[in-house]
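A.B. asks: Here it is: the structure, laid out below.
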Amino acid sequence: MAPMPDLPRRRLCHVSEVNEGQARGFGRPGAAQDDLFLLRRNGQVHAYLNACPHLAGAPLPWRKDAYLSPEGSAIVCGAHGARFDPTTGLCFQGPCLGEQLRRADIMIDEKGNVFY
């Protein structure tokens, strides 16, 4: 869920902390699972909510930060095997074919800090 515009955003990390071709999840302090994840592809940071569209609220990774396929070419749901395009979030294989991951509303400041 994106924060309300009048609420302060929370800092997640600096863009340099998400390596090219990798993904990293972020959750609220004390939360059992991450709310969203960032991934870096071709120098751009993409952000998605940590929820598979096949089953509302089902988290994607089978372990912390395991959002991508072994070769890093797709976002993968560990429970359903669905595969998503990393830059668009579109499901191209699996039970939610044609559906999309929801983008997370992030902001990157001039210093490279990522906020949600």
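The values are calculated or read from the model by the stated rules, or taken from the named source; none is laboratory data. All values derive from a computational prediction rather than experimental measurement. Here Cβ is always computed from backbone atoms with ideal geometry, including for glycine, and neighbour counts include all displayed protein chains. The accessibility values were calculated without ligands, DNA or RNA, using every heavy atom of the protein model including side chains. Shrake-Rupley method; radii C 1.70, N 1.55, O 1.52, S 1.80 Å.
A.B. asks: Give me the dipole magnitude in Debye, nearest 20, for the chain about the Cα centre, with unit charges on the beta carbon: positive for Lys and Arg, negative for Asp and Glu. Walk me through the numbers on the way to the answer.
C.D. replies: Details: 13 positive and 12 negative charges, 37 e Å.
Value, rounded to 20: 180 debye.
A.B. asks: Taking the Cα centroid of the range 37-115 and of the range 9-30, what is the distance between the two, rounded to the nearest whole Å?
C.D. replies: 13 Å
A.B. asks: Under 25 °C and 0.890 mPa s, how fast does the range 46-108 diffuse according to Stokes-Einstein, given a Kirkwood radius computed over C-alpha pairs? Answer in µm²/s, whole number.
C.D. replies: My calculation gives 214 µm²/s for D.
A.B. asks: Test of understanding: express the Cα radius of gyration of the range 32-82 as a ratio to 2.2 N^0.38 Å, with N the residue count.
C.D. replies: 1.09
A.B. asks: While we're here: Under 8 Å for C-alpha pairs, at least 6 residues apart: give me the relative contact order for the chain, rounded to a whole percent.
C.D. replies: Dividing the mean separation by the residue count of the chain yields 25 percent.
A.B. asks: From the gyration tensor of the Cα coordinates in the chain, what semi-axes in whole Å does the equivalent ellipsoid have, largest first, with each one equal to sqrt(5λ)?
C.D. replies: On the way: eigenvalues 99, 51, 33 Å².
Semi-axes from the Cα gyration tensor: 22, 16, 13 Å.
A.B. asks: Note down the accessible area of His80, probe 1.4 Å, to the nearest 10 Å².
C.D. replies: 50 Å²
A.B. asks: Quote the charge dipole size of the range 59-116 about the Cα centre in Debye, to the nearest 20; the model charges only the Cβ of Lys and Arg (+1) and of Asp and Glu (-1).
C.D. replies: Taking the Cα centre of the range 59-116 as origin, the dipole is about 200 debye.
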